[in-house]
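Below you'll find the structure, written out as structure tokens, and then a few comments.
The values are calculated or read from the model by the stated rules, or taken from the named source; none is laboratory data. None of these values were measured; they are calculated from a predicted model. Reconstructed Cβ throughout: ideal geometry from the backbone, glycine too, with neighbour counts over all protein chains shown.
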Amino acid sequence: MTQKLDLRSALLLTVPPLLWAGNAIVGRMVQGLVPPVTLNFLRWGLAFLILLPMAGWVLRRGSPLWGSWKRFALLGLLGVGCYNALQYLALKTTTPLNVTLVAGSIPVWMLVIGALFFDQRVTARQWLGAVLSIAGVVLVLSRGDMDVLRHLRLVPGDVYVLVATAAWGFYSWLLVRPGDPPEIRGDWAAFLMAQVLYGLGWSALFAGAELGSGNAHFEWGWPLAAALAYIAIFPAVVAYRCWGLGVQRVGPSVAGFFSNLAPLFTALLSTAFLGEPPRLYHAIAFVLIVGGIVVSSRR
């Protein structure tokens, strides 16, 4: 049951894009220190250990978790195994700002997925907003040169982010579907642990395939340890907690708007930490994406 957007809900939904912007920056900074998909596995392995003292009871025999394994295995695949692994993989060939700007199409995915798979009615105003947002994404993919569209070759990272945003759209809609065991649904740590448990299995499978390719390279040390600590605590546990609660309060369509704050935060952080100042086309794309969501979310 969703409710009207209030200050508390807005604050809850502002925290994740801020932390995910930092996640993109850190993910770019550790490129070369650890393979990207393995980084995702290590991140969620640490998150699992953080959650264990708070929600270890869901792992016991007889826990309601095991009766809902299909649902949590799907949530774990989309939100833990795929979304972040694809983002880290994308950062090998594109910038954090591009990653978060392309991810700004998440609200569009929310509308389309809601209409196609969850019986949500989409209005003409929402489709207009979707067109504006897609225009912003296309602007990023073309690197600000419309002539590029004639000979467009997508950077692999851009494609990975588009797939990741689709996965996140499904994940967010599934969060508000009924049917979770009340003991788990009522305990945020248990609800997240149930997803992380299966997501960690998917992540291990994907990381194993990456390591088996023979291209893995590690540079263990304090920089990597500090990066893992940040991405496990803040973009994982804290951000997922805030996002899940915010989506449950106001619904996926409204919550999706807040994901567009990530490019703004990322632009500021990129300038501060990576020396990658935003370009004019990034600003135009951001205006298009946010403008599209404002139009589509008006009643």
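Beta carbons closer than 9 Å, at least 6 apart along the sequence or on distinct chains, pair a first residue in the range 10-36 that is in a loop (DSSP other than H, G, I, E, B) with a second that is among the small types (Gly, Ala, Ser) and crowded, with 20+ Cβ neighbours inside 10 Å for VAL30/ALA227; LEU33/ALA227; VAL34/ALA227; PRO35/ALA207. All but one of (1) part of a helix (DSSP H, G or I); (2) within 26 Å of MET193 (Cβ to Cβ); (3) in contact with a helix residue (DSSP H, G or I) (Cβ under 7 Å, 6 or more places away or on another chain) hold for PRO64; which doesn't? Here PRO64 clears every test but (1).
Against the numbered list (1) out of contact with any Pro (no Cβ under 8 Å at 6 or more places or on another chain); (2) farther than 30 Å from GLY186 by Cα; (3) assigned to a helix (DSSP H, G or I), ASN40 comes up short only at (2).
Checking the conditions here, which among ALA225, ALA194, ALA204 is buried (at least 20 other Cβ atoms within 10 Å of the Cβ), among the small types (Gly, Ala, Ser), out of contact with any strand residue (DSSP E or B) (no Cβ under 7 Å at 6 or more places or on another chain) and more than 28 Å from PHE286 (Cα to Cα)?
None of the others qualify; the one that does is ALA194.
State whether one or more residues within the range 57-65 are among the small types (Gly, Ala, Ser), surrounded by fewer than 22 Cβ atoms within 10 Å (Cβ to Cβ) and either farther than 17 Å from LEU224 by Cβ or out of contact with any Pro (no Cβ under 6 Å at 6 or more places or on another chain) (or both). Spell out how you get there, then give the answer.
Step one: list which residues in the range 57-65 are among the small types (Gly, Ala, Ser), which gives 62-63.
Right, trim to surrounded by fewer than 22 Cβ atoms within 10 Å (Cβ to Cβ) and you get 62-63.
Within this subset, residues satisfying the condition of being either farther than 17 Å from LEU224 by Cβ or out of contact with any Pro (no Cβ under 6 Å at 6 or more places or on another chain) (or both) are 62-63.
Yes: the range 57-65 contains one or more residues that are among the small types (Gly, Ala, Ser), surrounded by fewer than 22 Cβ atoms within 10 Å (Cβ to Cβ) and either farther than 17 Å from LEU224 by Cβ or out of contact with any Pro (no Cβ under 6 Å at 6 or more places or on another chain) (or both).
Across the range 152-202, the number of residues qualifying as assigned to a loop (DSSP other than H, G, I, E, B), more than 19 Å from PRO64 (Cβ to Cβ) and free of Cβ contacts under 8 Å to residues at least 60 places away in the same chain comes to 3.
Can you confirm whether the range 204-222 contains a residue that is under 16 Å from ILE50 (Cα atoms), in a helix (DSSP H, G or I), at pLDDT below 90 and hydrophobic (A, V, I, L, M, F, W, C)?
Step one: filter the range 204-222 for residues under 16 Å from ILE50 (Cα atoms), giving none.
Taking every residue of the range 204-222 in turn, none turns out to be under 16 Å from ILE50 (Cα atoms), in a helix (DSSP H, G or I), at pLDDT below 90 and hydrophobic (A, V, I, L, M, F, W, C).
Taken over the range 266-275, the residue count meeting the criterion of being part of a helix (DSSP H, G or I) and either surrounded by fewer than 20 Cβ atoms within 10 Å (Cβ to Cβ) or out of contact with any Pro (no Cβ under 7 Å at 6 or more places or on another chain) (or both) is 5. In the range 247-263, of all residues being crowded, with 23+ Cβ neighbours inside 10 Å, under 19 Å from PHE118 (Cα atoms) and of a type in the set (Gly, Ala, Ser), the one that is nearest to the chain's Cα centre (by Cα) corresponds to GLY256. Test GLY45 against the criterion of being in a helix (DSSP H, G or I), touching a residue at least 60 places away in the same chain (Cβ under 8 Å), in contact with a helix residue (DSSP H, G or I) (Cβ under 8 Å, 6 or more places away or on another chain) and surrounded by fewer than 18 Cβ atoms within 10 Å (Cβ to Cβ), and give yes or no. Taking the combined requirement at face value, the residue satisfies it. Condition check for LEU51 on (1) more than 17 Å from PHE191 (Cβ to Cβ); (2) among the hydrophobic types (A, V, I, L, M, F, W, C); (3) not in a loop (DSSP other than H, G, I, E, B): one failure, at (1).
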